[in-house]
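To start, the structure under review is shown below, and the notes come after it.
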Amino acid sequence: MPSDILFPEDFVWGAATAAYQIEGGHEEGGRGPSIWDTFSHTPGKINNGDTGDVACDHYHRWRDDIALMGELGLQAYRFSIAWPRIFPTGSGRPNTEGLDYYKRLVESLLAAGIEPFVTLYHWDLPQALQDRGGWANRDTVSRCGEYAHTLARALGDGVHNWITHNEPWVVAFLGNLTGEHAPGGRDLATALQVSHHLLLSHGEATEALRAEAREGDRVGITLNLQPVEPASDSAADRDAARLYDGYLNRWFLDPLFRGSYPQDMLEWYGEHAPDIRSGDLERITVPLDFLGVNYYTRAIVRHASTSVPVQAAEVKPDGRKYTEMGWEVYPRGLYDLLGRVHAEYSTSALYITENGAAFPDTLHEGKVEDPQRRSYIHEHLLEAYRAIEDGVPLKGYFVWSLLDNFEWAHGYSKRFGLVYVDYPTQTRIIKASGRWYASVTRENAVPA
Ligand code: FCB
């Protein structure tokens, strides 16, 4: 590649997936139902009535998928464990068949020279735990600790990078306030209590993982973070931006790094604020080995008196570029965000654990040309590099996603993959963006 920008030698190049979005095999290997099985089987919840029953059939095709990772030159692969494969009824004895499945996956990844980054919870809570109140029930925190312990014992020989949670904001608020995600609740106090229990379970899971840890093992958490900007200079819009930032970002960053919830948000939530017991914050603020950041876009907000839970509404200015999700393409936001997080929270290490874009893809003569996705990734990598130059300890980058997959409430209508999946035949085709990314991973460099 001519005039390349060379990344640090130890920079990690990867791609990410999540169990429910790719595995399928929903009734195989002793797997129990998760809240996403229930939700996706509820009419009206998912676009086109899609479910994750089959998804990318990765449960059966994982060997081929590891071969694809090899073709893409991945050094790391971020995937999640399906909790209901390990604890089909939420508690009791772990399901050996489930553990064996992931043991084989981990061993095969290592044999292919690919480092596993394992997420414990990417949203598929065992339905049996939901039946007992789910994340709103404090007992689920202990169940999560047991689950972490079980995984550390079974997979700890091969897995050295653990991510406790993926995007607790999404779990808490889309799952329990807006109702867009499983379990589909619509209550602010519940959503806030869930957010607290998720953070507490991060502390609990971290302790459990560390109790079994080998030298050099690392534990982190992944947050979805967005820079928030006011739509205008008015005091009302600026205040809306502050609250929206509190809601999205600080509500999670502050307890994790500072051992306290932001005071302005506690006041704002008032009587809806969660029950926080003595000692909880100490457990949440256990030192992290790294922070995972999922970055897709920024938020521009205006004051909106009827919006919940904060009086702020996102605006989408005309004349900007948007992905098929309706998310503004704003690479500069990644630079701003990484700089801010590092400056305000003194992170020891950061990974971009997700970044990528959905654009309509078409298969033409056996090929998928997706220049928009390629330039999205390219531009974000240039901004990531600028952050590194400024001294941000950014250690790696994972494209969302390895494969086109079940995009939650959007079903299969949104394609994020570096690899195209023809669902009826389950054929995989590496997109042009994937071929390009393979040159990046191999050269450890991007074109300037
Ligand atoms: C993130 C999720 C991931 C995927 C991308 C597009 O919020 O973590 O599973 O759906 O968005």
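The values are calculated or read from the model by the stated rules, or taken from the named source; none is laboratory data. Being a predicted model, the structure only gives us computed values, none of them experimental. Quick reminder, even Gly has a Cβ in these numbers, built from the backbone with ideal geometry, and neighbours come from all protein chains shown. All accessible areas refer to the heavy atoms of the entire protein, side chains included, with ligands and DNA or RNA removed. Shrake-Rupley method; radii C 1.70, N 1.55, O 1.52, S 1.80 Å.
One line per residue, one yes/no per condition, for (1) of a type in the set (Gly, Ala, Ser); (2) part of a helix (DSSP H, G or I); (3) crowded, with 18+ Cβ neighbours inside 10 Å:
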| site | (1), (2), (3) |
| --- | --- |
| ASP10 | no, no, no |
| TRP13 | no, no, yes |
| TYR20 | no, yes, yes |
| GLU28 | no, no, no |
| THR42 | no, no, no |
| ASP65 | no, yes, yes |
| MET69 | no, yes, yes |
| PHE79 | no, no, yes |
**Item:** Candidates ALA205, ALA189, ALA182 - the one that is crowded, with 23+ Cβ neighbours inside 10 Å and part of a helix (DSSP H, G or I)
**Value:** ALA205
**Request:** Identify all residues within segment 137-195 that are in contact (Cβ under 8 Å) with a residue 60 or more places away in the chain, over 16 Å from ALA18 (Cβ atoms) and small (Gly, Ala, Ser); write none if there are none.
**Result:** SER142, GLY145, ALA148, ALA152, ALA154, GLY156, GLY184, ALA189, ALA191, SER195
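How many residues does segment 391-430 hold that are basic (Lys, Arg) and more than 16 Å from the ligand (Cβ to nearest atom)?
Looking only at that region, the number is 2.
How many residues does segment 283-320 contain that are assigned to a loop (DSSP other than H, G, I, E, B) and within 23 Å of the chain's Cα centre (by Cα)?
10
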**Request:** Answer yes if at least one residue in segment 230-246 is within 16 Å of the ligand (Cβ to nearest atom) and assigned to a helix (DSSP H, G or I), and no otherwise.
**Result:** no
**Request:** Could you please find all residues in segment 217-241 being touching a His at 6+ places or on another chain (Cβ under 8 Å) and either open to solvent by 20 Å² or more (accessible area, probe 1.4 Å) or not polar (S, T, N, Q) (or both)?
**Result:** ASP217, ARG218, ILE221, SER234, ALA236, ASP237, ASP239, ALA240
**Fill in**
Residue pairs qualifying under the 6 Å Cβ cut-off, at least six apart or on distinct chains, with the first in segment 238-260 being at positive phi and the second being outside any helix (DSSP H, G or I) and surrounded by fewer than 23 Cβ atoms within 10 Å (Cβ to Cβ), are GLY259/THR285
**Asked** Quick one: is PHE359 in a loop (DSSP other than H, G, I, E, B), within 15 Å of the ligand (Cβ to nearest atom) and either of a type in the set (Phe, Trp, Tyr) or open to solvent by 10 Å² or more (accessible area, probe 1.4 Å) (or both)?
**Response** yes
